[in-house]
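Undergrad: A single structure is presented below for examination.
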Amino acid sequence: VLAARLRAHDPEALREVVAAFSGRITSVVSGLLRDRDAVDDVVQETFVKAFYRIASFHGDSGLYTWLYRVAVNAAKDHMKRTRRRPASSLDEEVAPVVAPGEPAIERLEDRESRQRVRAAMEALPPKFRAVLVLREVEGLRYDEIAQVLAISVGTVESRLFRARKRLHDRLAAMGMS
Amino acid sequence: VTDADLHLLSRWMDGRATPAEAALAEGLVARDADAAAWVRRLREASDALRAAARRAPPEDLADRVLAAAVPAGGELAAFRRAARRYVAAAAVLLGLGLGGSVWIDRSGGPAAAATPAPGLFADPADARIEEMVLSDLDGAPARGPEPGGEHEGAPR
């Protein structure tokens, strides 16, 4: 129903889609990109593209799966556009996500841990980063990841293994115990 | 720990291992410190990745998306409406043209075409006045109507 209303270019349907999926799309894009401002721009771009490309959604997967696909492609396009730009410093982009009352030392350790993981993720090729984010951050099933990335389930399994191996090796090299 | 072991552990972490594979993976983690460290480190990395990626979208995201998408969408709708109007008008004109040509073909032409349109001055007296006025303007003497000749505005 929502997709049909989007096809009719109903602005209220677009507002409902943004309200329903912006959190998940933001997490995915945030897992793929480092730059905070770029995340917001790419998320916005994702929904605008979805509004205009809804005709390519045939309903053979969930709307959210299709939106993930639009988001991953938008993030990849952004990475291509900014490939030659110098990366920002880690301190700039990792927002502290801590519960109130959490001991300061644990907050510091958590923050350092997140920074290391993000740095290790950043070093991965985009195809490995995408599969890890969709699995670890969003908890998508293998078949859903396969639909989002337009690859086979076997390739999802293989990429996840190789991505984890690389991530693990890099974290070990960074001294993350 | 071999790559095959790590591949098995990766499947097991995702709940994709068969019961037999799961038993193998659990045994491997229990007896091999490297395998256990591999799984633990990746689980910690997974938690950290989720925490790092967690962020709220901007509050005004929906407004920003609509501002970026809907004006162009409005233009598209206006274009479609205009296109529909043009198509309808073209269909009407085509219909009139076809109907007219069929009517002319059947009747031998419009009846009105056989009757000369009345001139500006249909009355002969008025026609003479018209000729005089035109002559004055041209600076030439007024001429009477030529027999058999055409007179502008006068009926034949």
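Undergrad: Do we have any residue at all in region B:34-44 that's within 8 Å of chain A (Cβ to nearest Cβ), in a helix (DSSP H, G or I) and aromatic (Phe, Trp, Tyr)?
TA: For region B:34-44, residues within 8 Å of chain A (Cβ to nearest Cβ), in a helix (DSSP H, G or I) and aromatic (Phe, Trp, Tyr): present.
Undergrad: Here is a follow-up. Does B:Arg31 satisfy the condition of being within 24 Å of A:Asp110 (Cα to Cα) and open to solvent by 20 Å² or more (accessible area, probe 1.4 Å)?
TA: No.
Conditions (1) among the aliphatic types (A, V, I, L, M); (2) away from chain B (no Cβ under 11 Å), marked per residue:
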site	(1), (2)
A:Glu138	no, no
A:Ile145	yes, no
A:Leu149	yes, yes
A:Val156	yes, no
A:Arg159	no, no
A:Lys165	no, no
A:Ala173	yes, yes
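Undergrad: Would it be correct to say that A:Val48 is among the β-branched types (Val, Ile, Thr), over 19 Å from B:Ala68 (Cβ atoms) and modelled with pLDDT of 90 or more?
TA: no
Undergrad: Still on this structure, I have one more. If B:Gly15 meets every condition in (1) closer than 23 Å to A:Leu140 by Cβ; (2) assigned to a helix (DSSP H, G or I) apart from one, which number is that one?
TA: The single condition B:Gly15 does not satisfy is (2).
Undergrad: What is the number of the single condition among (1) closer than 16 Å to A:Ala19 by Cα; (2) in a loop (DSSP other than H, G, I, E, B) that A:Tyr64 does not meet?
TA: Only one criterion in (1) closer than 16 Å to A:Ala19 by Cα; (2) in a loop (DSSP other than H, G, I, E, B) is unmet by A:Tyr64, namely (2).
Undergrad: While we're here: Starting from region B:56-67, keep only residues that are more than 7 Å from chain A (Cβ to nearest Cβ), then list their pairs with residues that are open to solvent by 70 Å² or more (accessible area, probe 1.4 Å) whose Cβ atoms are within a distance under 9 Å, requiring at least 6 positions of separation or different chains.
TA: Listed by first residue and then by second, the contacts come to B:Asp63/A:Arg15.
Undergrad: Please go through region A:34-48 and pick out each residue that is under 13 Å from the mean Cα position of the chain (by Cα) and open to solvent by less than 10 Å² (accessible area, probe 1.4 Å).
TA: Selection gives A:Ala38, A:Val39, A:Val42, A:Val43, A:Thr46.
Undergrad: To continue, here is another question. Could you count how many residues in region A:1-30 are open to solvent by less than 10 Å² (accessible area, probe 1.4 Å), at the interface with chain B (Cβ under 7 Å from one of its Cβ atoms) and among the small types (Gly, Ala, Ser)?
TA: Residues that pass the stated criteria total 1.
The values are calculated or read from the model by the stated rules, or taken from the named source; none is laboratory data. In this text the structure is predicted, and so the values were computed from the model without any measurement. As a convention, Cβ positions derive from the backbone with ideal geometry for all residues, glycine included, and neighbour counts pool all protein chains shown. Side chains included, ligands, DNA and RNA excluded: accessible areas come from the protein's heavy atoms. Shrake-Rupley method; radii C 1.70, N 1.55, O 1.52, S 1.80 Å.
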